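Q: First the structure, then my questions, so here it is.
The values are calculated or read from the model by the stated rules, or taken from the named source; none is laboratory data. All of these numbers come straight from a predicted model, not from anything done at the bench. So basically every Cβ, Gly included, is an ideal-geometry build from the backbone, and we count neighbours across all protein chains shown. Note: areas computed on protein heavy atoms with side chains; ligands, DNA, RNA excluded. Shrake-Rupley method; radii C 1.70, N 1.55, O 1.52, S 1.80 Å.
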Amino acid sequence: HFRPALVERGAKVYAAARRPETIDLPGVIPVQLDITDPESIARAAEVASDVNVLINNAGVSTGATLLTGPIDDVRQEMETHYFGTLGVTRAFVPVIEANGGGSILNVLSVLSWAHIGSVGAYSAAKAAAWAMTDAVREELAPRGIQVAALHVGYMDTDMAAHVPAEQKSDASAVAKQALDGLFAGEPEILGDELSRTVKAGLSG
């Protein structure tokens, strides 16, 4: 949903996927990328060498709990949401800097703050990604690269196919809001009422 929103704004868009042949959106350039594979990340950074905006939107949801869930699932969550996102960021920072600076948007979750036992692996990985986003923002500010976080609950995407429709936000609307916030220089975008409510209650 970020891809069409960017195309509408006149951007040149690279669409990354593990299977780029599945990308059929007009106006985008498919790029093979597995964010858990350092060699794949390096290749993608070479192909997309004119990028000045990076959106880290890859994700996985295994449903693993921390104490009884398969440890491989727990590791997969962290490898994807934390190490994978960090790896892509590290690879593309020199690209963005060489192109005169720009922006990075990390798609996070309300579960970055609300840590629920039944999805403990996901919550822990998103919390780690939130901390990473804040730390990287401080590192990159002097280098002309803005870093923002999008926090949102359920969106109408394949990952949330099991969630009742009334509990999901329109993904296209959230993408537009996120891009508006990113390009306005906001460090944090709260994409739905759930995220705004949970964020407001953190001090309690």
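Q: Taking 0.36 nm per residue of sequence separation and subtracting the Cα-Cα distance, how much length would be gained by fully extending the chain between Asp24 and Ser49, in nm to one decimal?
A: 6.8 nm
Q: Name the GluC sites (Glu not before Pro) in the range 8-48 that are in a loop by DSSP and that have at most 12 other C-beta atoms within 10 Å, would you? Please list the in-between numbers first.
A: Details: sites: Glu8, Glu21, Glu39, Glu46; in loops: none.
Answer in residue order: no site qualifies.
Q: Would you pull out the residues with amide H under 5 Å of Ile145's amide H, same chain only if 5 or more places away, H placed 1.01 Å from N?
A: Amide H neighbours of Ile145: Gly102.
Q: Related question: Under the rule of at least 5 residues apart or a separate chain, name every residue whose amide H is placed under 5 Å from the amide H of Leu105.
A: Leu54, Ile55, Asn56, Ala148
Q: Leaving out ligands, DNA and RNA, and with a 1.4 Å probe, what % of the accessible surface on the chain is carbon or sulfur? Please list the in-between numbers first.
A: Numbers: 5680 of 10580 Å².
That share works out to 54 percent.
Q: Amide H to amide H, which residues 5 or more places from Ala16 or on other chains are under 5 Å from it, using H placed in the peptide plane?
A: Counting only residues 5 or more places away or on other chains, the set is Val31.
Q: Can you give the charge dipole size of the chain about its Cα centre, rounded to the nearest 20 debye, using +1 on the beta carbon of Lys and Arg and -1 on the beta carbon of Asp and Glu?
A: Here the chain has a charge dipole of around 220 debye.
Q: Identify, among Gly185, Ala200, Tyr14, the residue whose Cα sits farthest towards the positive end of the charge dipole of the chain, taking +1 on the Cβ of Lys and Arg and -1 on the Cβ of Asp and Glu, with the dipole about the Cα centre.
A: In the chain, that residue is Gly185.
Q: Go through (1) 27, 23, 19; (2) 31, 22, 14; (3) 25, 19, 18 and flag the label whose value is the computed semi-axes √(5λ) of the Cα gyration tensor in Å for this structure.
A: Answer by label: (3).
Q: Right, another one. Which whole-number value in Å² is the accessible area per residue of the chain, probe 1.4 Å?
A: For the chain, the per-residue accessible area is 52 Å².
Q: Here's a follow-up. In nm, what is the difference between 0.36 nm times the number of residues separating His115 and Asp180 and their Cα-Cα distance?
A: Taking 0.36 nm per residue and subtracting the Cα distance, the gain is 20.6 nm.
Q: Label points 7 Å out from Cα along the Cβ direction at Asp73 and Ala11: separation in nm?
A: Between Asp73 and Ala11, the label points sit 3.3 nm apart.
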